[in-house]
Amino acid sequence: QVQLVESGGGLVQPGGSLRLSCAASGRIFSINVMGWYRQAPGKERELVATITSGGSTNYADSVRGRFTISRDNAKNTVYLQMNSLKPEDTAVYYCNACIVTDPSSTYIAVWGHGTLVTVSS
């Protein structure tokens with residue numbers, strides 16, 4: 001069994017910063033892409049950023065230049081540094097990872113339970 005546990009959410013004022021973390025644990029052989037998604041009230045879940053095991057990154061246009069995704073492969077952990085936060089960044093942020101549990105299997109997509117980020121004065 002594999003699980004992802006997010007941390008770092010909270011309340012921040014507009015213009016402020018937060019850093020989210022997501023650690024994978026359990027039966028892990030390798031992790032391919034890791035990423036962050038978010039879902040605002042009344043909206044569909046959307047991509048925020050992804051990062052491959054080799055460090056290639058991809059960002060949504062709405063966060064490019066303000067958010068930075070990174071990962072520590074030795075710790076099976078992905079981070080999201082969020083700067084210059086705006087009220088429209090308010091959402092539940094979910095971690096996602098494509099994980100291979102043993103060499104003979106294909107990857108599975110695993111989701112965390114989410115962490116709430118609220119940007120408000």
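The values are calculated or read from the model by the stated rules, or taken from the named source; none is laboratory data. Note that the coordinates shown come from a computational prediction; the quantities given were computed from them, not determined experimentally. Reconstructed Cβ throughout: ideal geometry from the backbone, glycine too, with neighbour counts over all protein chains shown. To get the accessible areas, we keep the full protein, side chains included, count just its heavy atoms, and leave off ligands, DNA and RNA. Shrake-Rupley method; radii C 1.70, N 1.55, O 1.52, S 1.80 Å.
Scan segment 106-121 for residues that are surrounded by 11 or more Cβ atoms within 10 Å (Cβ to Cβ), part of a loop (DSSP other than H, G, I, E, B) and more than 17 Å from the chain's Cα centre (by Cα) and the total you get is 0.
Taken over segment 87-105, the criterion of being of a type outside the set (S, T, N, Q), within 18 Å of Arg38 (Cβ to Cβ) and within 14 Å of the chain's Cα centre (by Cα) is satisfied by Asp89, Ala91, Val92, Tyr93, Tyr94, Cys95, Ala97.
Annotation note: of Glu44, Glu6, the sole residue that is acidic (Asp, Glu) and touching a Gly at 6+ places or on another chain (Cβ under 9 Å) is Glu6.
Residues that are touching a Lys or Arg at 6+ places or on another chain (Cβ under 7 Å) and polar (S, T, N, Q): does segment 83-93 have at least one? Yes, that holds for at least one residue. The residues of segment 72-105 that are surrounded by fewer than 17 Cβ atoms within 10 Å (Cβ to Cβ), touching a residue at least 60 places away in the same chain (Cβ under 8 Å) and under 18 Å from Ser62 (Cα atoms), listed by number, are Gln81, Asn83, Ser84, Lys86, Pro87.
Every residue in segment 27-58 that is without any contact (Cβ under 8 Å) to a residue 40 or more places away in the chain, assigned to a strand (DSSP E or B), of a type outside the set (Val, Ile, Thr) and open to solvent by 40 Å² or more (accessible area, probe 1.4 Å), please. Within segment 27-58, Glu46, Leu47, Asn58 qualify. Inside segment 59-71, residues that are farther than 22 Å from Gly42 by Cα and either surrounded by 21 or more Cβ atoms within 10 Å (Cβ to Cβ) or not hydroxyl-bearing (Ser, Thr, Tyr) (or both) make up a count of 6.
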